[in-house]
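Some notes on the structure that comes next.
The values are calculated or read from the model by the stated rules, or taken from the named source; none is laboratory data. This one's a predicted model, so the numbers in the text were calculated from it and none came from an experiment. Cβ sites come from the backbone with ideal geometry, for glycine too, and all protein chains shown count toward neighbours. When the accessible area is computed, the model is the full protein with side chains, heavy atoms only, and any ligands, DNA or RNA have been set aside. Shrake-Rupley method; radii C 1.70, N 1.55, O 1.52, S 1.80 Å.
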Amino acid sequence: AANGAADGEVDRAPCFDGICDSFPEDPPRAAAGDGEGRDAGDVRGGEATDRLGSETGPTVWSEFGRLASEDPDLANLGQGFPDWLPPGFAVDSLVEAALDSAESPHQYTRTAGHPKLVRQLARRYGSHLGRNVDAMNEVAVTVGASQALYLSLQTLVRPGDEVVLFEPFFDLYVNQIKLAGGTPVFVPLTFGPYDEADGAVTGGTWRLDGERLREAMSSRTRAVVLNSPHNPTGKIFTHAEMEVIADCVRDAEDVTVISDEVYKYIVHSPPREDSPVQTRTAPGHVHFASLPGMWDRTITVSSAGKTFSATGWQVGWCVGPTRLISPIHRLLPYVQFCASTVVQEALARALPRADEPYEGHASYYDYLNDKYRRKRDLLSGALEEAGFAVPDYGRTAGGGFFIFARITPELRGAIPAERFGDEYRLNPAAPGGVAGLDWTLCQWMAEERGVLCIPSGPFYSTERAAGGAGEEFIRVAFCKTDETILRAARALKGVLGRGDYDVEEDIGGDAAVEEDSETKKVVAAVGGSG
């Protein structure tokens, strides 16, 4: 049964980049305002559901989630969440919070954010941004970063307003903009390959074209969504590129930047350029709000999930000037009374502990980057061995936990010819209902080669995806245990029929042992068995 459903149950709820093996479908509905003549099963759509249009049926997440659920032995490098426990101090903080009878954090807390947590966040962002941050008026706590984005757009956008997205983009953004009544305007990032002498297909660097951004801005532009480090490419926007964005905002009368910084503590390959506004705890990351004049024009969004490998905790936040945060405070009581008090209390306790020495590193954040750097290198080597072109992280800055791998002609030639026939090509979950090269390769690898990755088409606008934009890339997640990466490496080796990956020679047999020891320590800390 899918997703924990009992036998005979069918889960039709839509899902996104997480555990996702439901079977969503478009509910039958008549046009808004339609009266007599509707079929008995039709449902009159409300304004919000009508704004989503037909984009509520099967998706890349439900399709590839289904493939993962059907084969438990599949090496799943698809969904963007870690498959290990949070660090021990975070789990300890959660247990302590749950058992603290004096604090009793099992009842409602302040709707705009648990006082202990907003004070911690204000202190940290004050340090990051070099300014005083008012805990009660310039911080809002939400149910995850997705809700922080949703509320930011709801408080900024009116019907007819435009919101700029850098393409490719995390696909959640588009429908959130539509739900607010806005229109997404896409600014394609430019992929610059390395030297491709003699027709070689290589990795490369994604860059912002400032002229394209300026052309996309208009009197209707109300917001720009910036995501750095970037999902799905792993791009880190340089300080110079952020200055280009800031210049466009300064020239506009009423434009706000929503800066999605959920991956800010995962900068595994910092930019080589010197930035005057980097932070000690997140080297290589630039907070957009720290640029001259941008505090007053920015809502900074982040969460605990990616940093502490605890995406199910679902605590996010917005930080910004009172004039932008106050409207979010006004909406919060009508969206939910408060985010989980227990988890907010746990996070307030965990944040200062993360700054302390951890596992032989100066802080948990240093440990986290080392861990992801090692995993990135393990998977990059396996992808190259399988025939993909990947970024050279000695030349290209990188953050987050995805590799945007490029499909080579050799890989294209390995796909069986029948996979390009209508039986596979016509797929309602694919962009425009037609599977491109990226989708075809990912589906074939999942069904026939034992490794699951995500095609890039869904990270592009429908129009550009239909034109083949991004068709030569797939997104591969390395936020997985070493055991999962090792299984994926073996499977990838077989994509071109080269046999199994030599774990000892190509990766190193001790990699999984290190991770297992950390997991055992966490399990032991909460009284379980390793």
Worksheet item: Loop-only check: which trypsin sites (Lys or Arg not before Pro) in the range 175-276 are DSSP coil with at most 14 other Cβ within 10 angstrom?
Response: 220, 272
Item to complete: Between beta-carbons, use under 14 Å as the cut-off and find the net charge around residue 182, counting Lys and Arg +1, Asp and Glu -1.
Response: +1
Fill in: Calculated FRET efficiency for the pair residue 334/residue 196, C-beta based, R₀ 45 Å, to 0.05
0.25
Fill in: Which listed pairs, of 235/493; 235/375; 306/493; 371/493, have C-alpha distances above 19 Å, in listed order
235/493; 306/493; 371/493
Discussion item. Please report the carbon-and-sulfur percent of the accessible area for the range 88-355; probe 1.4 Å, protein heavy atoms only, DNA, RNA and ligands left out.
Written reply: 48 percent
Worksheet item: What does the accessible area per residue of the range 88-355 come to in Å², with a 1.4 Å probe and no ligands, DNA or RNA counted?
Response: 37 Å²
Worksheet item: Can you give me the relative contact order of the range 88-355 as a percent, contacts being Cα pairs under 8 Å and 6 or more apart?
Response: 28 percent
Worksheet item: Quick one: length gained pulling residue 136 to residue 211 fully straight, 0.36 nm per residue minus the C-alpha distance?
Response: 23.1 nm
Practice prompt. Give the ranking of 459, 420 by solvent-accessible surface, highest area first, calculated with a 1.4 Å probe.
Written response: 420, 459
Worksheet item: Where the Cα atoms of the range 306-349 are projected onto their three principal axes, how long is each span, largest first, in whole Å?
Response: 31, 21, 17
Worksheet item: FRET efficiency for residue 464 and residue 106, Cβ-Cβ distance as r, R0 = 60 Å, nearest 0.05?
Response: 0.80
Response to the item:
In the neighbourhood of residue 263 defined by beta carbon distances under 12 Å, the net charge of the other residues (Lys, Arg +1; Asp, Glu -1) is +1
Worksheet item: What does the highest-first list of 112-121, 385-394, 425-434 look like by mean Cβ count within 10 Å?
Response: 112-121, 385-394, 425-434
Fill in: Hydrodynamic radius by Kirkwood, which averages 1/r over all alpha carbon pairs of the range 88-355, in angstrom
19.2 Å
Fill in: Other-chain or far-sequence residues with amide H under 5 Å of residue 361's (modelled H)
none
